Structure formats: C-alpha cells, structure tokens
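S.K.: Dumping the structure here so I can ask a few things about it.
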Amino acid sequence: MAIGYSQLANERVRAANGIDYGYRDTGGGQGRVPLVLLQHLARNLDNWDPALIDALALARRVVTFDNAGVGGSGGTTPDTIEQMARDAIAFLAAMGFGQADLLGFSIGSFVAQQIALVRPAIVRRLVLASLAPQGAVGIHGWHAHHPGSLSPPSARPPRPPSSSSTPPTGRVCWPLSTRPERSACRARS
C-alpha cells in the first residue's frame with residue numbers, strides 16, 4: 001500500500017522570487033499534468049482532508065503547497081489575491097509545471113481565478129469549490145484588516161450600500177468564463 005497524504009514528509013522548493021515553498025507531492029502520473037490544490041484562508045498543508053487527497057491521488061499526481069508566508073513556506077503573507085496568485089505562479093514555475101489543473105477551495109478559488117486571468121496558458125482545467133463572486137450580496141469582501149473580516153457579521157460595522165455595477169471592493173471585472181467576455185469587461189472599466 002502506498003503512503004497516505006498525512007504520512008508524507010513536507011518538501012521544499014526554492015522559487016525565482018527567493019521564497020522557499022513547503023509542499024507535498026503524491027499520486028502517480030509523473031510527467032502528466034498535475035492537480036495543484038490552493039487552500040482556504042489561514043490554512044496550511046495539514047488542513048487538507050487526507051481522505052480527499054488520497055482519493056484524488058489514486059488516479060493522478062496531486063500537489064499541495066503552502067503559499068508565501070504560510071505554514072512551512074518562507075516569505076511574507078500577501079494581503080491581496082493578486083499577490084497570492086503571483087506567489088502561486090512562482091511556485092508552479094519552481095516545480096517545473098508548464099501547465100497544471102488547479103483546484104481552488106474558498107479563498108484558494110479566488111487565487112485560482114486570478115492565475116487563470118493573468119497566466120491562462122498555465123491553467124489546463126480549473127475547479128472552484130466553496131466560492132462566491134467578489135462583492136456578492138452577503139459577502140463581506142476582502143479587508144486589509146483580517147481579524148475584522150473574520151469576525152461574525154454582527155460584530156462588523158455595516159457596509160455602505162453598493163451599486164449593482166461596482167462591487168464594494170471597487171473592482172468592476174471579476175473572472176468571467178470566456179476571453180472575449182473578460183476583454184469586453186476590461187474595456188468598460
């Protein structure tokens with residue numbers, strides 16, 4: 001029987017941005033397009049469900065990693081989705097992945113979408129789990145002060161109403177399904 005995810009040793013790889021990234025690499029399919037998982041907010045390699053990873057790894061190579069400033073990775077924790085995506089792209093390059101399938105969970109899905117926007121050639125397939133569009137009704141958004149954004153809605157100050165055309169973050173365009181739609185949205189911004 002192969003070793004399970006929870007028994008894997010953490011490995012490290014140095015990226016061109018000078019950051020050493022902690023990661024785990026499991027499953028078969030060396031030389032094939034890997035499935036790279038992007039985790040949810042404030043979590044590390046140990047927060048993935050080992051049963052899920054082991055099931056995914058039965059049929060393919062699965063790579064999990066700690067983004068910059070998290071868990072076993074060096075660097076500073078980024079405060080924007082854009083920087084998280086740049087750091088993830090640096091990890092993908094350091095691993096030698098010219099292309100990957102990405103599975104983003106929660107905030108990891110935001111990062112995966114940003115990677116698909118800025119480096120579409122890297123992304124073969126995109127799986128987004130537990131997400132909502134940026135600025136959606138009932139979503140408190142990304143705040144510079146994380147502890148406040150993680151508090152229950154009753155403890156946060158009320159948000160000002162937003163127009164239907166501009167989410168509270170000020171971003172008009174968020175990842176859309178096709179390149180022509182993204183181009184048209186950017187042209188309107």
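S.K.: Go through the residues of the stretch 87-103 one by one and say whether even a single one is free of Cβ contacts under 8 Å to residues at least 40 places away in the same chain and buried (at least 22 other Cβ atoms within 10 Å of the Cβ). Give the steps one after another, and end with the answer.
M.R.: Start the filter on the stretch 87-103 by keeping residues that are free of Cβ contacts under 8 Å to residues at least 40 places away in the same chain, which leaves 89, 96, 98.
Those left that are additionally buried (at least 22 other Cβ atoms within 10 Å of the Cβ): none.
No, the stretch 87-103 has no match at all.
S.K.: Would you check which residues across the stretch 12-57 are under 17 Å from the mean Cα position of the chain (by Cα), over 16 Å from L102 (Cα atoms) and either hydroxyl-bearing (S, T, Y) or part of a helix (DSSP H, G or I) (or both) and list them?
M.R.: Y21, D46, N47
S.K.: OK, next. Tally the residues that are surrounded by fewer than 16 Cβ atoms within 10 Å (Cβ to Cβ) and either small (G, A, S) or modelled with pLDDT under 95 (or both), restricting the search to the stretch 8-19.
M.R.: 3
S.K.: Now, a different point. Residue by residue through the stretch 64-80, note down the ones that are buried (at least 21 other Cβ atoms within 10 Å of the Cβ), within 20 Å of A116 (Cα to Cα) and not small (G, A, S). Please lay out each step first, then the result.
M.R.: Residues of the stretch 64-80 that are buried (at least 21 other Cβ atoms within 10 Å of the Cβ), as a first pass: 64-68, 70, 73.
Still in the list and also within 20 Å of A116 (Cα to Cα): 64-68.
Hits for the stretch 64-80 are T64, F65, D66, N67.
S.K.: Can you tell me which residues in the stretch 2-19 are farther than 23 Å from Q83 by Cβ and among the β-branched types (V, I, T)?
M.R.: Listed by number, the list holds a single entry, I3.
S.K.: Sticking with this one: Being within 18 Å of G74 (Cα to Cα), assigned to a loop (DSSP other than H, G, I, E, B) and either within 18 Å of the chain's Cα centre (by Cα) or among the hydrophobic types (A, V, I, L, M, F, W, C) (or both) narrows it down to one residue among A2, A9; which is it? Don't jump to the end; show me each part of the working.
M.R.: On the way: A2 fails: within 18 Å of G74 (Cα to Cα).
Of the residues listed, the single one that is within 18 Å of G74 (Cα to Cα), assigned to a loop (DSSP other than H, G, I, E, B) and either within 18 Å of the chain's Cα centre (by Cα) or among the hydrophobic types (A, V, I, L, M, F, W, C) (or both) is A9.
S.K.: As an exercise: evaluate F110 against (1) loosely packed, with under 14 Cβ neighbours inside 10 Å; (2) under 19 Å from L131 (Cβ atoms); (3) without any contact (Cβ under 8 Å) to a residue 40 or more places away in the chain and give the number of the one condition it does not meet.
M.R.: So F110 meets the others, but not (1).
S.K.: Follow-up question, since we're still on this one. Among the numbered conditions (1) at pLDDT 95 or above; (2) of a type in the set (A, V, I, L, M); (3) in contact with a strand residue (DSSP E or B) (Cβ under 6 Å, 6 or more places away or on another chain), tell me where A121 comes up short.
M.R.: Looking at each condition in turn, A121 falls short on (3).
S.K.: Collect the residues in the stretch 69-105 that are outside any helix (DSSP H, G or I) and more than 26 Å from G28 (Cα to Cα), keeping them in residue-number order.
M.R.: Step one: of the stretch 69-105, the residues outside any helix (DSSP H, G or I) are 69-80, 95-105.
Once the filter is applied, which keeps residues that are outside any helix (DSSP H, G or I) and more than 26 Å from G28 (Cα to Cα), the stretch 69-105 yields G69, V70, G74, G75, T76, T77, P78, D79, T80.
S.K.: Out of the residues in the stretch 24-39 meeting the condition of being touching a Lys or Arg at 6+ places or on another chain (Cβ under 8 Å) and either hydroxyl-bearing (S, T, Y) or at pLDDT below 90 (or both), tell me which one is nearest to A121 (Cα to Cα). First the steps, then the outcome.
M.R.: Start the filter on the stretch 24-39 by keeping residues that are touching a Lys or Arg at 6+ places or on another chain (Cβ under 8 Å), which leaves 25-30, 32-35.
Now restrict to residues that are either hydroxyl-bearing (S, T, Y) or at pLDDT below 90 (or both): 26, 28-30, 32.
Values: T26: 24, G28: 23, G29: 20, Q30: 20, R32: 16 Å.
Checking each candidate, the answer is R32.
S.K.: Could you please tell me which pairs satisfy a Cβ distance under 6 Å, a separation of 6+ or placement on different chains, a first residue in the stretch 61-76 that is of a type in the set (K, R), and a second residue that is in a loop (DSSP other than H, G, I, E, B)?
M.R.: That search, which allows pairs on different chains as well, returns R61/G27; R61/G29; R61/P34.
S.K.: Okay, next question. Please find, within the stretch 20-36, the residue that is surrounded by the fewest Cβ atoms within 10 Å (Cβ to Cβ) out of those that are farther than 18 Å from R86 by Cβ, out of contact with any Asp or Glu (no Cβ under 8 Å at 6 or more places or on another chain) and not polar (S, T, N, Q).
M.R.: G31
The values are calculated or read from the model by the stated rules, or taken from the named source; none is laboratory data. Every value quoted in this text rests on a predicted model; they were computed, and no experiment measured them. Note: ideal-geometry Cβ built from the backbone for every residue, glycine included; neighbour counts use all protein chains shown.
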